[in-house]
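Okay, structure first, notes after.
A short reminder: the numbers here are calculations on the coordinates, not readings from a lab. These numbers were taken from a predicted model, which means no experiment stands behind them. Note that we place each Cβ from the backbone using ideal geometry, even for glycine, and neighbour counts take in every protein chain shown.
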Protein chains: 2
Amino acid sequence: MMMSSSAQDTAEVETLTASIKAKGDEIRSLKEGGADKESLGPTIAELVALKADFERVTGSPFDTPKKTKAKKTAPADDKKGGNASKADQQASRRITPRAENFSQWYLDIIAASEMTENSPTKGCMVIRPWGMAIWDAFKDDMDKRIKTYDVDNAYFPLLIPQSFLTKEAEHVDGFAKECAVVTHHRLCKSDDGTLIPDPEAKLEEPLVVRPTSETVIWTMYRKWIDSYRDLPLKLNQWANVVRWEMRTRPLLRSAEFLWQEGHTAHATKEEALSCAQEMLVEYSTACRETLALPTVMGVKSPKERFAGADETYTIEALMQNGWALQSGTSHFLGQNFARAFEVYYQTPDEKRELVWATSWGVTTRLMGAMVMTHSDDFGLRLPPAVAPKQVVIVPITKGPGEDTDLVNKAVDGVVDQLKAAGVRVKVDERPNMRPGAKYFQWEAKGVPLPVELGPKNPKAGVAIVLKKKGGGGRQSFHSDRREFRVLHRATA
Amino acid sequence: MMMSSSAQDTAEVETLTASIKAKGDEIRSLKEGGADKESLGPTIAELVALKADFERVTGSPFDTPKKTKAKKTAPADDKKGGNASKADQQASRRITPRAENFSQWYLDIIAASEMTENSPTKGCMVIRPWGMAIWDAFKDDMDKRIKTYDVDNAYFPLLIPQSFLTKEAEHVDGFAKECAVVTHHRLCKSDDGTLIPDPEAKLEEPLVVRPTSETVIWTMYRKWIDSYRDLPLKLNQWANVVRWEMRTRPLLRSAEFLWQEGHTAHATKEEALSCAQEMLVEYSTACRETLALPTVMGVKSPKERFAGADETYTIEALMQNGWALQSGTSHFLGQNFARAFEVYYQTPDEKRELVWATSWGVTTRLMGAMVMTHSDDFGLRLPPAVAPKQVVIVPITKGPGEDTDLVNKAVDGVVDQLKAAGVRVKVDERPNMRPGAKYFQWEAKGVPLPVELGPKNPKAGVAIVLKKKGGGGRQSFHSDRREFRVLHRATA
């Protein structure tokens, strides 16, 4: 429901590519014709604008030269090499500065923070624990919000009969074209011993992996809705969906992503319209309160509307480089799906009417928006509400001794206090890894408050050190009660 | 991971069907030959045993006569008929007694409780809100338990390149045969205007909808594991999986189901073995504490083992009719996947070793086990820990008046007290529905404590009525504080 159709994008990209090339040719021929810099100005400005459009649509700069892979400053990733763990290598990964290349910076932040990784299935991502914990925290919060609107969770099948996609005319144009199609239900060995789809297990009707669930849900709504007393019917599902994508980008655009899809049926147009608008406002509030993501609410133009909707509302977030990123949508579906799937209800005075509908969703893309809103050249920055760890303590010790005992005791004390206050705290006790590398890594992963805790000197007790990002300075506190309160407040 | 392969089942069912038919023929010919009842005894016992085997394997009795659909006592489901809502119709649905037909009783319980419903996609279920809330409650509890073992959640792609399934020899035999195969990434219009898989969008390599995720996870583990310091690596995923099934049964056996799959990698055999065993014990505890499901822990025979495992541990639950139902499995995978996917780690003394592995899962099938353990001829019975509503109050009022005010005030008071105590309570205020029908419905849905609250007489105040199941008697309490405490205790 959220992304505009790829077909439309593809056409746009092709047009833009052609225009950029034409504009380049024009400039070259003007130059060859002896035009001076001043007279070229407007044409160059047009080229720049076209390239900006291209980057907005595709998420990548036009014709970026390919990066060499040798970005690591750590020893090469050689299985026979030194005993560096993956964590060590991770810690020393360099992040391209935003000013140098915004798109590469984004990819580097995702990699350095270990949120997601490309999977062996082209176009599909692996969500690693750090990214998963962020999504789960957002999901838990969003789920509670959705339930306050008397919406119940349910689950509908992943695979949808192909014919269902054809029932609502606009819907088929929007989705049928780019989706994964299941045609067989078995593999078998071929003559050369490799596996192939078993010709004898061909499905009578192909199944489509859901790109969104309107069609299957409306088939069920037809069974469940008879009377005005069965309305409103408000269901939500947390699920995975697949929309085939040629150009993918971690979190922002991938063939499979995770989302929440709400689907409601109402007796009146007014009720459906206000449900669609209400959910948009709730998305905006959730984004602000959990992801610290300010968004602008608006309405999509007819061309950008969801396939099958009468009106599509959207929240758009503003990225650091000026991009506006669609971050959630809510659709007023009118009676389109009710008509296509013949969902009528009987009014109190026994008339037969079509029901009115909405659907609305937010996806794992929101994590991409969060990255581009808050991160910096040292790594991800996480809002405390969704940070898997809000405080990470790196103890500074030098083997057994009085100092180490002092530090360990202080660490235990801080952890107890923070846990009691409900703060998600972790102590990084990995042996064989330098404290600096640990600190660097937690900073890249966006922990709101990574701190070092070590002996200042044996007499003076224990110091909490808050470093400036990127190792550019430090501030020490004594670990007496007042300073712990500072630490605690800083994470609230 | 959990269900045994369908291929194996299919063969077994065919063998059993043939044996049952042969045994039937044998008995008939013995009868025709004049054999008396006594001499037939052993042969009949053999037939009964074969039929019991058939029912155990398929979940359905052998050759059950087809039920007529006319089971409703309510007015027929006619869109032009009376103004009965779906809820009214639901409330009056009859449940086949267990003693009459256990398999039909199970189907009736699922339908009457509105846990799941067949979907338009053959073999796939819709999980309705009541079933979803039960699964979500179990899932939340299980997720917390899993995390106490330092297991992180992650997400791996739904679609797996076909070639991955071939890497581990036993695994391919176990899973490649019955799974959904994606061969195209686009639909297009055919000459006659219908949609077909676009011949130009045929995938170079087919993708399989995950039947389990070992293969794709081990591909990632190869990237993530280098050193002993990267171990143990313990990940879990909550996901949907697809295993093609010809004969399905709500919750117990369906083409798509929901589950949790844990996948761990360890430096030593001992550690992996104890992880696999530890998780089995945790499953057993979770089943007992949340679903009130006692299970027996055991080891599968080599024939029943998970495809690719060295050892499969299982918990089996005992159903009311004597069936043992596999309710969760934990696999010690040895070094099989590490070998197939070349996952080595460097030991502290710089040797290169294969890692050791486990995987373990529980599925939505557990809800089926819960149904068959606790329900009765009046409906589902839900353990309070997972009941979406623990108390439902049906107010008994007769339009505006002093009595109604009294009842409403009493309802508010009970609700406040129960909510304050953390009890999930609902007031069923549906107009135009008889209290008896409401009560009947909540009983069928398995609410631990459905109660009626109405005026005893205007002077005596308000009475709480606890009826016996199936309308077989009632017990009234006064709504003074002592009785509220009784109500409260009853739900704790």
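Here are some notes:
- Couplings 3J(HN,Hα) of the stretch B:142-150, computed from phi: 5, 4, 4, 4, 4, 5, 5, 8, 6 Hz, in residue order, whole Hz [Karplus 6.51 cos²θ - 1.76 cosθ + 1.60, θ = phi - 60°; x for Gly and Pro].
- Since only A:T312, A:F341, A:L354 are under comparison, the one whose Cα sits farthest along the positive direction of the charge dipole of the stretch A:300-365, derived from C-beta charges on Lys, Arg, Asp and Glu, is A:T312.
- Peptide B:126-139 is shielded by partner chain Cβ atoms: per residue, an average of 4 of them sit within 10 Å of its Cβ.
- If only the Cβ of Lys and Arg carry +1 and only the Cβ of Asp and Glu carry -1, the dipole of the stretch B:125-374 around its Cα centre is close to 520 debye.
- Net charge contributed by nearby residues that have their C-beta within less than 15 Å of B:D376 (K/R +1, D/E -1): +3
- Residues B:D405, B:D150, A:D141 in ascending order of nearby Cβ atoms (within 10 Å, fewest first): B:D150, B:D405, A:D141.
- For A:S227, the residues 5 or more places off, or on other chains, whose built amide H falls under 5 Å of its own are A:Q346, B:K86.
- Long-range HN-HN contacts of B:E178 with modeled amide H, under 5 Å: A:L187
- Among the GluC sites (Glu not before Pro) in the stretch A:275-361, those placed in a DSSP loop whose Cβ has at most 15 other Cβ atoms within 10 Å are A:E342, A:E350.
- Exposure proxy shown here: for A:F102, B:F341, B:F175, the number of other Cβ atoms within 10 Å sets the order, fewest to most, as A:F102, B:F341, B:F175.
- Residue pairs, from the table A:K426/B:K351; A:K426/A:K469; A:K139/B:K139; A:K147/A:K303; A:K456/B:K234, whose Cα atoms sit over 26 Å apart: A:K426/B:K351; A:K147/A:K303; A:K456/B:K234
- Among the residues of A:115-124, the average count of other protein chain beta-carbon atoms within 10 Å of the residue beta-carbon is 6.
- Each of A:L280, A:N236, A:L252 was scored by the projection of its Cα onto the charge dipole of the stretch A:218-281, and the greatest displacement toward the positive side belongs to A:L252; charges sit on the C-beta of Lys, Arg, Asp and Glu.
- Plainly put, the tip 7 Å out from Cα toward Cβ on A:G401 is 8.8 nm from that tip on each other copy, the closest given first.
- Relative contact order computed over the stretch B:125-374 (Cα-Cα under 8 Å; 6+ residues apart), in percent: 20 percent
- In the stretch B:111-197, the GluC sites (Glu not before Pro) that fall in loop regions by DSSP, at most 11 other Cβ within 10 Å: none
- Nm distances between copies for A:M319, ranked from closest, using label points 7 Å along Cα→Cβ: 5.4
- Projecting 7 Å from Cα along the Cα-to-Cβ direction, the label point of B:E342 sits 5.8 nm from its equivalents in the other copies, listed shortest first.
- Ordering of B:408-414, A:391-397, B:209-215 by packing is B:209-215, A:391-397, B:408-414, highest average first (other Cβ atoms within 10 Å, averaged per residue).
- Amide H contacts of B:I396 (H built 1.01 Å from N, in plane; Pro and chain starts excluded): B:L453, B:G454 sit under 5 Å, all sequence-distant by 5 or more or on other chains.
- Using θ = phi - 60° and Karplus 6.51 cos²θ - 1.76 cosθ + 1.60, couplings along the stretch B:408-425 (whole Hz; Gly, Pro as x): 4, 5, 5, 4, 4, x, 5, 4, 4, 5, 5, 4, 4, 8, x, 7, 7, 10
- In order along the stretch A:384-401, phi translates into HN-Hα couplings of x, 4, 10, 5, x, 10, 8, 10, 10, 9, 9, x, 10, 9, 10, x, x, x Hz, rounded to whole numbers, per the Karplus curve 6.51 cos²θ - 1.76 cosθ + 1.60 with θ = phi - 60° and x for Gly and Pro.
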